[in-house]
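**Q** Before I ask anything, here is the structure I am working with.
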Amino acid sequence: MYKGIWMHPWDFDRDVIAELSKFGFTHISLAVRYIEERQNWPGPNIIFQNFQRRTYTSEENAVYWNVEKNRYLNIPPYLRPVQSQEIQGDVVGEFVRACEENSIRSVLWFPTLRWEKAVRDNPLIGVVDIYGSHPSYKRMFLCPSNPSVKEALSTMVEELSEKYEFDEFEFDFIRYPEIPTTYSTPLLDLALSPCFCKYCRDEAADYGINLEEVRGVLKDIVEWHVQYFLRLQEYCTDLDYCEAMYLDFTKELLENDILKKWLEFRENQISKLLLQLSKIIKRNNPKAEISADLYPPSGSWLLGQNYKKISKIVDRIKIMIYVRPFKRSICRIPYEAMLARKFVKNNVEIVLGLASWPPTTPEDIERQFNMALKLPVNGVSFYSYGWTPKGNLLKIKELFEEVKV
Ligand SMILES: [Zn+2]
């Protein structure tokens, strides 16, 4: 059984790896570069496992290995990796060694297309919607069609896979961004989704799609909503109303071939990038396994993640289903796991990414873990080491001990 946990570089310590090995963990994922994030969020904002650093907001753009600057001379400056100012040294190298010494599998966790600082420095490398605007706060996401983006990511993956003998390489944020709306409709969210940059326009043309035609269809949807919201007297979240919106959304997608083809094109762009980067790893470190952190399959297709296509590239899929902190239903766990198994071949592992931070309690962890044991999945991984209070960590240890394999 895969028994994993995610770890941030500021919580890494050789002794911690030894301790987690005794707790029964088989895999640890260390972030090798990281996004801007308050630790922990949403939550009490306390790093339970870090006595030196109980609070921390990570740097906007930092990597945690000794960067060989010469490799990046042809890459535009805003896309070059910058070594962390706050967490110094070759954390990645120390981590891989510590895992090896403790017979634990080392996983290099790589946030792929989310990179705030680079997009702020040059908005032209980010995704844009039908109006040319970046769809998320803080200009978070790079465009997977942009040649400079592909080149920069490939060079980083090349450097990491040449230098380190890790056991698994894990792609995170390999998707388009969510649309940050509230009181919206599923169709409006789709209409505000990216990307309409010039590189996407060209690659879409090669795929047989006229992106200007797609833009026209989406603009009509937005204009319909402008009229709708003008007449709407109050914003509604009734279950009955939401079901009606999803039925309308389903009908639109069934009948609209332009939208279907566009969604398929976006899935293709994400899979192509994942394949390109995975090939570099397999060439340099053939024993390493490849994994991807994915949105739950019921909605992943809206962000460019196609489970069938991705499972042809990777050895393992991790489904992120954080229940309590995001007020999601626990019923999502069996539903999404069974759905994923329907799309993913049996030789590809499925691991459930579960939350272990407050308000998640030891009882929640036990319930979710026991649920996982009954599902067609290969294990679990908890997010994240630093955010997990001692009581929750001890509960995980106890549950792992009960499952000997
Ligand atoms: Zn684009």
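The values are calculated or read from the model by the stated rules, or taken from the named source; none is laboratory data. All values derive from a computational prediction rather than experimental measurement. So basically every Cβ, Gly included, is an ideal-geometry build from the backbone, and we count neighbours across all protein chains shown. Ligands, DNA and RNA are excluded from the accessible area calculation, which covers all protein heavy atoms including side chains. Shrake-Rupley method; radii C 1.70, N 1.55, O 1.52, S 1.80 Å.
**Q** Kindly work out what percent of the DSSP beta bridges joining two residues of the chain are antiparallel, to the nearest 5.
**A** On the way: 6 of 43 bridges.
Expressed as a percentage, antiparallel bridges in the chain total about 15.
**Q** Which percent, nearest 5, of DSSP beta bridges in the range 215-369 are antiparallel?
**A** 0 percent
**Q** Go through the range 161-261 and name the chymotrypsin sites (Phe, Trp or Tyr not before Pro) that are in a DSSP coil and have 11 or fewer other Cβ atoms within 10 Å of their Cβ.
**A** Numbers: sites: Y164, F166, F169, F171, F173, Y183, F196, Y199, Y207, W224, Y228, F229, Y235, Y241, Y246, F249; in loops: Y164, F166, F173, Y183, F196, Y235.
Filter output for the range 161-261: Y183, Y235.
**Q** A follow-up question, please. Please list 3J(HN,Hα) in residue order for the range 89-106, calculated via the Karplus relation 6.51 cos²θ - 1.76 cosθ + 1.60 where θ = phi - 60°; whole Hz, with x for glycine and proline.
**A** Coupling constants for the range 89-106: x, 8, 4, 4, x, 5, 5, 4, 5, 4, 5, 4, 5, 10, 6, 10, 7, 8 Hz.
**Q** Leaving out ligands and nucleic acids, note down the accessible area per residue over the chain with a 1.4 angstrom probe, in whole Å².
**A** Numbers: 17960 Å² over 405 residues.
Roughly 44 Å² per residue, with all protein chains present.
**Q** Test of understanding: express the Cα radius of gyration of the chain as a ratio to 2.2 N^0.38 Å, with N the residue count. Numbers along the way, then the final one.
**A** Details: Rg = 21.3 Å, N = 405, 2.2 N^0.38 = 21.5 Å.
Ratio of Cα Rg to 2.2 N^0.38 Å: 0.99.
**Q** Residue by residue through the range 112-127, which ³J(HN,Hα) values in whole Hz follow from phi under the Karplus form 6.51 cos²θ - 1.76 cosθ + 1.60 (θ = phi - 60°), with glycine and proline marked x?
**A** 8, 9, 9, 7, 3, 4, 4, 6, 5, 5, 8, x, 5, 8, x, 6
**Q** Per residue of the range 2-19, what does 6.51 cos²θ - 1.76 cosθ + 1.60 with θ = phi - 60° give for ³J(HN,Hα)? Whole Hz please, x for Gly and Pro, Karplus curve as stated.
**A** Values, residue by residue: 7, 10, x, 8, 8, 9, 8, x, 6, 9, 6, 7, 4, 5, 5, 4, 4, 5 Hz.
**Q** A further question on this structure: So, in nm, how far is label D238 from label N284 when the simple model puts each one 7 Å beyond its Cα toward the Cβ?
**A** That separation, rounded to one decimal, is 5.7 nm.
**Q** So, with +1 on the Cβ of K and R and -1 on the Cβ of D and E, and no other charges, what is the size of the charge dipole of the chain about its Cα centre, to the nearest 20 debye?
**A** Values: 52 positive and 56 negative charges, 104 e Å.
With only Lys, Arg, Asp and Glu charged at Cβ, the dipole is about 500 debye.
**Q** Quickly work out the E178-to-M338 label distance, labels modelled 7 Å from Cα along the C-beta direction, and quote it in nm with one decimal.
**A** Computed distance between label sites M338 and E178 equals 2.4 nm.
**Q** Are there any trypsin sites (Lys or Arg not before Pro) in the range 184-241 that are in a DSSP loop and have at most 16 other Cβ atoms within 10 Å? List them by number. Before the final figure, lay out each step's value.
**A** Working: sites: K198, R201, R215, K219, R231; in loops: none.
For trypsin sites (Lys or Arg not before Pro) across the range 184-241 that sit outside H, G, I, E and B with at most 16 neighbouring Cβ atoms in 10 Å, the list is empty.
**Q** For the range 218-352, what % of the accessible area comes from carbon and sulfur atoms, probe 1.4 Å? List each step's numbers first, then the result.
**A** On the way: 4050 of 7170 Å².
After summing per-atom areas, the C and S share lands at 56 percent.
**Q** Quick one: the Cα spread of the range 198-325 along its three principal axes, in angstroms, biggest first?
**A** Rounded to whole Å, the extents work out to 59, 42, 22 Å.
**Q** If you don't mind, there's one more thing I want to ask. With axes computed from alpha carbons, what is the tilt in degrees of helix 332-343 against the longest principal axis of the chain, rounded to the nearest 10 within 0 to 90?
**A** 80 degrees
**Q** For the range 357-396, run through the trypsin sites (Lys or Arg not before Pro) and keep only the ones in DSSP coil with at most 15 other Cβ atoms within 10 Å of their Cβ. Each step should come with its number before you reach the end.
**A** On the way: sites: R367, K374, K390, K395; in loops: K374.
Taking the range 357-396 and a limit of 15 other Cβ atoms within 10 Å, the loop trypsin sites (Lys or Arg not before Pro) found are K374.
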